[in-house]
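The values are calculated or read from the model by the stated rules, or taken from the named source; none is laboratory data. Treat the numbers as computed from the prediction; the structure is a model and nothing was measured. Cβ sites come from the backbone with ideal geometry, for glycine too, and all protein chains shown count toward neighbours.
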Amino acid sequence: MADIFERLIQNYGPIGQHRERAHGYFAFPKLEGEIGSRMKFRGKDVVVWSLNNYLGLANHPDIRKVDGEASVQYGLASPMGARMMSGNTNHHEQLEKELAEFEQKEDAILLNYGYQGIMSAIDALCGRHDVIVYDAESHACIIDGLRLHPGHRYVFKHNDIADFDKQLERATALIDKQGRGGILVITEGVFGMAGDQGILKEIIALKSKYQFRLLADDAHGFGTLGETGMGAGEAQGCQDGIDLYFSTFAKSMASIGAFLAGPKVIIDYIRYNIRSQIFAKSLPMPIVLGNLKRLQMLRTMPELREKLWHNALRLQQGLKDNGFDIGKTNTMVTPVYMKGGVEEATAMVMDLRENYGIFCSIVVYPVIPRGHIIYRLIPTAAHTDADIDATIKAFSETKAKLDAGAYKVEAIPDMAEA
Ligand SMILES: Cc1ncc(COP(=O)(O)O)c(C=O)c1O
C-alpha cells in the first residue's frame, strides 16, 4: 500500500516544484506597508500592479474608520453561529437588501467567500438530471462547483457563440431524452486573466431559442463596469437577462465575502439549501458594516470609477503605443503577452522588481502553453500617471533585454527567503 504523504512529497505539483527557489519571491511574496500603488517588497519601494483594489477603497480613511469602529464595537466573534441558527442580524439583511437593489434584482444572499459560495450555489441549484453548460475558461471556483455536480455538463469554447449554441443543442437533446431536468449556463462577466468580458448579451439572446437559466460570475465587473458600476450586465445592456448575479467583495470592495442576487423565490431557496452557508459561521459584523460602507461609497462616488478608467486607458494606450500586445482586453485587466521560457520570465520579473521598482505578477507554463509569458497588470484608482509612465518605460527597457536574450538563465533565480 502507498503512503499518501510519501506520494505527495515525490511531486509537489507544477508550481510547488519550484518552491525551494521561489518561495517568498515569485510565490508567496510579502508586500508591506499601506495598501496602495506604492508598497514595499523586501525593503524596496515598488509600484504594485497585482492588487484588485480597483476603486482604491482598501485604504480610504472613511473605510478604515468604519472597519475600526465596528471592530471595537462588535469584535470579530459577533454574531456567533450560522445565519440559519443564531448568526443572523439586521445588518446582514440590510446589506443583502442594498446589494439586491444595486443589482436590480429582487433579493440577494451573502456568502462568506466567493470561491466556496459559488461552488455551493451550483450544488444547491442543480440536481442530477440538470445539465450545466459553461465557458471553457471559467474560474477555478466554477470548475470546482462542477465537480460537485452529479449530472452532465457541456463546455463551450471560450466566448464562442456558435459553440455555445451547439452545446445548448446537445444539452437540450439530452434533457428531452431524459424527460426531466433543466439547463444552467455559467459564465463570467469579466475573465480575470485576459480581461475580456463574457459574451453575456449574445448568450442571453439565445433564450429565445433554448430554455436555460444564466448564472454570471462578475467578480471583476462589479463596481468597475457599467454606467453605475452595476457590472458587465449593465455595460452590455442585459442585466435583466442574468438570472443569478454573483460577485465577490474581494476586488472592487477591497474586503472579504461575496453575494448572489436574483429572483426572491430562488434566493430564498438557496438561503435554505446552500450548504456552505447553512453549516458555516455567519460573516463577522465588522465585515458586514465595512461592506455596507464600501457599497455606499461605490454607489455614490463615481469619481473612483472614472479614475480607475483614466488609469486603465492610459496604461493600455501607453503599452500599445510602445508595441506591446495586450490581447483582447475590453476591461481594466491588462495582460501583456510576451514570448519566453519560465526561467526567462522569472529573471525578467526579478529585474523589474530589483532594478525598476515594478511589482507585477506573471503567468507561465503550465497555466498557459510553454514558451509564452503573460504579465498581468491591474490598474486601480490609486495609481498615478507617474506610476503608469514609469511602468511603461520599465516594460519597454526590459522587453528589449528579453528580445536580446539577456534573461536566458539555466534555472529560476534562487530568490527564496533565507
Ligand atoms: C472570477 C472569480 N470568481 C470568484 C473568485 C473567488 O472569490 P473569493 O476571493 O471571494 O473567494 C475570484 C477570486 O477572487 C474570481 O476571480
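Scan region 148-170 and report the pairs whose first residue is in a helix (DSSP H, G or I) and whose second residue is aromatic (F, W, Y), with Cβ atoms within less than 6 Å and a gap of 6+ or a chain change.
Taking only residues 6 or more apart or on different chains, the pairs are D163/F156; F164/F156; Q167/Y154; Q167/F156; L168/Y210; R170/Y154.
Within region 299-310, count every residue that is under 12 Å from T331 (Cα atoms) and either crowded, with 23+ Cβ neighbours inside 10 Å or of a type in the set (D, E) (or both).
Selection size over region 299-310: 1.
Considering only region 199-216, I want to know if a residue exists there that is surrounded by fewer than 24 Cβ atoms within 10 Å (Cβ to Cβ), within 16 Å of the ligand (Cβ to nearest atom) and more than 17 Å from I143 (Cα to Cα).
Yes; the residues of region 199-216 include at least one that is surrounded by fewer than 24 Cβ atoms within 10 Å (Cβ to Cβ), within 16 Å of the ligand (Cβ to nearest atom) and more than 17 Å from I143 (Cα to Cα).
List every residue pair whose Cβ atoms sit under 8 Å apart, with the two residues 6 or more apart in sequence or on different chains, where the first one lies in region 377-399 and is surrounded by fewer than 18 Cβ atoms within 10 Å (Cβ to Cβ) and the second, anywhere, is among the basic types (K, R).
Close Cβ pairs (under 8 Å, with a partner that is among the basic types (K, R)) amount to D385/R314.
Check off (1) more than 20 Å from the chain's Cα centre (by Cα); (2) among the hydrophobic types (A, V, I, L, M, F, W, C); (3) over 25 Å from T172 (Cβ atoms) for A194 and give me the number that stays unchecked.
Status for A194: all satisfied but (1).
Before we move on, is I183 touching a residue at least 40 places away in the same chain (Cβ under 8 Å), in the same structural domain as L289 (by TED's automatic domain parsing), surrounded by 16 or more Cβ atoms within 10 Å (Cβ to Cβ) and β-branched (V, I, T)?
Here the answer is yes, as I183 does meet what is asked.
Of the residues that sit in region 80-100 and are surrounded by fewer than 16 Cβ atoms within 10 Å (Cβ to Cβ) and of a type in the set (S, T, N, Q), which one is nearest to the chain's Cα centre (by Cα)?
Looking at the filtered set, the residue picked out is Q94.
Within region 256-268, identify whether any single residue is within 16 Å of the ligand (Cβ to nearest atom), not in a strand (DSSP E or B) and not polar (S, T, N, Q), and answer yes or no.
yes
If G114 satisfies all but one of (1) touching a residue at least 24 places away in the same chain (Cβ under 8 Å); (2) loosely packed, with under 14 Cβ neighbours inside 10 Å, what's the number of the condition it fails?
(2)
Scan (1) within 12 Å of the ligand (Cβ to nearest atom); (2) within 28 Å of E69 (Cβ to Cβ); (3) among the aliphatic types (A, V, I, L, M); (4) assigned to a loop (DSSP other than H, G, I, E, B) for the single condition M193 breaks and write down its number.
The number of the failed condition is (2).
Residue check, T187 against (1) touching a strand residue (DSSP E or B) at 6+ places or on another chain (Cβ under 8 Å); (2) more than 16 Å from the ligand (Cβ to nearest atom); (3) not charged (D, E, K, R), all met but one. Which one?
Going through (1) touching a strand residue (DSSP E or B) at 6+ places or on another chain (Cβ under 8 Å); (2) more than 16 Å from the ligand (Cβ to nearest atom); (3) not charged (D, E, K, R) one by one, T187 breaks only (2).
Take I118 and decide whether it is within 16 Å of the ligand (Cβ to nearest atom), in the same structural domain as F279 (by TED's automatic domain parsing), part of a helix (DSSP H, G or I) and over 25 Å from Q239 (Cβ atoms).
Criteria not met by I118.
Consider region 358-376. How many of its residues are over 22 Å from K251 (Cα atoms) and surrounded by 18 or more Cβ atoms within 10 Å (Cβ to Cβ)?
Residues meeting the conditions: 2.
Keeping to region 137-175, report how many residues are within 14 Å of the ligand (Cβ to nearest atom), hydrophobic (A, V, I, L, M, F, W, C) and surrounded by fewer than 20 Cβ atoms within 10 Å (Cβ to Cβ).
3
Mind listing whichever residues of region 42-79 are in contact with an Asp or Glu (Cβ under 9 Å, 6 or more places away or on another chain), surrounded by fewer than 19 Cβ atoms within 10 Å (Cβ to Cβ) and either among the hydroxyl-bearing types (S, T, Y) or assigned to a strand (DSSP E or B) (or both)?
Of everything in region 42-79, just one residue is in contact with an Asp or Glu (Cβ under 9 Å, 6 or more places away or on another chain), surrounded by fewer than 19 Cβ atoms within 10 Å (Cβ to Cβ) and either among the hydroxyl-bearing types (S, T, Y) or assigned to a strand (DSSP E or B) (or both), namely K44.
Each row is one residue, and each column tells you yes or no for (1) more than 13 Å from the ligand (Cβ to nearest atom); (2) aromatic (F, W, Y); (3) crowded, with 16+ Cβ neighbours inside 10 Å.
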| residue | (1), (2), (3) |
| --- | --- |
| F222 | no, yes, yes |
| G231 | no, no, yes |
| E234 | yes, no, yes |
| T248 | no, no, yes |
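Would a scan of region 24-35 turn up a residue that is within 16 Å of the ligand (Cβ to nearest atom), in a loop (DSSP other than H, G, I, E, B) and of a type outside the set (D, E, K, R)? Steps first, answer last, please.
To start, the set of residues in region 24-35 that are within 16 Å of the ligand (Cβ to nearest atom) comprises 35.
Now drop any that are not in a loop (DSSP other than H, G, I, E, B), which leaves 35.
Pick out the ones that are also of a type outside the set (D, E, K, R) and you get 35.
Within region 24-35, one or more residues are within 16 Å of the ligand (Cβ to nearest atom), in a loop (DSSP other than H, G, I, E, B) and of a type outside the set (D, E, K, R).
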